[in-house]
Amino acid sequence: MDHLTILYRGPLASCDYDCPYCPFAKRRDTPEQLRADRAALERFTAWVAAQSHGVSVLFTPWGEGLVRSWYRRALTGLSHLPHVERVAIQTNLSARLDWTADADPSTLALWATYHPGQVRYERFLGRCRELTERGVRHSVGVVGLPDHLPHARRLRADLPAETYLWVNAAEGHAYSDAEAAEWTAIDPLFGYSRHPHASRGLPCRTGDSVISVDGDGMVRRCHFVPEVLGNLYDGSFRAALRPRPCPLAVCDCHIGYVHLEPLGLDDVFAGGVLERIPAGPWWAPHRTGAAPLTSA
């Protein structure tokens, strides 16, 4: 094995926001649950540190990880390991960012989401600007709800042109062509998110070079396929790694369909798959090998 990409999701479920479109909003973990999450994360980072092959990690917590010191330490420590190509996390940017000064900026990246109604616009924009000033790789995005459109337009106007602003189609929301055009004007790649992708039988890198790991070390091909391939810590998962088609009828989440080979998104996001940063020029919709932006 030359390189393994891991999506890690521990037991942490608490979040400081109460977004109405999120089932995990404003959850609170007990002290025991927080201790368990910390222990699981430290076990995982120790495993990554001990590997002899290349590793990239995206933390995808149900809750907000960066308000917890152990996630900040994990990102910082992993960023300095020579065999770690990228370490990234999904975050709402509610936590302070001074810790990033201790991380390796060539390895660290943040996938930031703006949630209108949960944070003052100026505060969120200030955090984005601080990331730019600190030289931290990051993408920024919003959920494509109708009332988020003016906020997204404002954010696109205020962010640097080189900062990719992505838009996730809202779950259960159907977009007319006119509505889709408005979102595509903000995110030229919105077409990939607009409709769920018919995925059954399509070749996918998950289960081969990409895996999902939970706090107990159970390995699955991705967050959306429940079949267990083995355990990270006893090494039993390695024998199960192989190219395989997707078993699901559809894939509608970016962290899943970005690995579907026929979509060509590995080329679109070359070098920035985990943090959702397209390769330049990302605004060109006709990159070689990429699916058209109206792709379903």
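The figures follow:
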read-out: Residue match in the range 264-275 (condition: in contact with a helix residue (DSSP H, G or I) (Cβ under 8 Å, 6 or more places away or on another chain), part of a loop (DSSP other than H, G, I, E, B) and not β-branched (V, I, T)); value: no
read-out: Residue check for T76: over 13 Å from E275 (Cβ atoms), open to solvent by 50 Å² or more (accessible area, probe 1.4 Å) and among the polar types (S, T, N, Q); value: no
read-out: Filter result for the condition that a residue is buried (at least 18 other Cβ atoms within 10 Å of the Cβ), under 20 Å from the mean Cα position of the chain (by Cα) and of a type in the set (A, V, I, L, M), over A152, A180; value: A152
read-out: Subset of the range 229-240 [free of Cβ contacts under 8 Å to residues at least 40 places away in the same chain and either closer than 17 Å to P11 by Cα or out of contact with any helix residue (DSSP H, G or I) (no Cβ under 9 Å at 6 or more places or on another chain) (or both)]; value: N231, D234, G235, S236, F237, A239, A240
read-out: Filter pass, F190 being over 17 Å from H3 (Cβ atoms), open to solvent by less than 10 Å² (accessible area, probe 1.4 Å) and not small (G, A, S); value: yes
read-out: Residues of the range 56-71 satisfying the condition of being open to solvent by less than 30 Å² (accessible area, probe 1.4 Å) and either in a loop (DSSP other than H, G, I, E, B) or among the charged types (D, E, K, R) (or both); value: T60, P61, G63, E64, G65, L66
read-out: Pairs with Cβ under 6 Å, 6+ apart, first in the range 183-198 and farther than 11 Å from N168 by Cα, second buried (at least 19 other Cβ atoms within 10 Å of the Cβ) and among the hydroxyl-bearing types (S, T, Y); value: H197/Y257
read-out: Among the residues listed as A161, A101, A157, the single one being of a type in the set (G, A, S), modelled with pLDDT under 95 and surrounded by fewer than 18 Cβ atoms within 10 Å (Cβ to Cβ); value: A161
read-out: Some residue of the range 194-201 being outside any helix (DSSP H, G or I) and crowded, with 21+ Cβ neighbours inside 10 Å; value: yes
read-out: Single match in A170, A174, A161 (criterion: of a type in the set (G, A, S) and either in contact with a Ser or Thr (Cβ under 9 Å, 6 or more places away or on another chain) or farther than 20 Å from Y257 by Cβ (or both)); value: A161
read-out: Residue ID - farthest from R200 (Cα to Cα), chosen from residues in the range 224-267 that are among the β-branched types (V, I, T) and within 18 Å of the chain's Cα centre (by Cα); value: I255
read-out: Per-region count, the range 79-98, residues within 27 Å of H3 (Cβ to Cβ) and open to solvent by 50 Å² or more (accessible area, probe 1.4 Å); value: 3
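The values are calculated or read from the model by the stated rules, or taken from the named source; none is laboratory data. These figures come from a predicted structure and were not determined experimentally. Reconstructed Cβ throughout: ideal geometry from the backbone, glycine too, with neighbour counts over all protein chains shown. Side chains included, ligands, DNA and RNA excluded: accessible areas come from the protein's heavy atoms. Shrake-Rupley method; radii C 1.70, N 1.55, O 1.52, S 1.80 Å.
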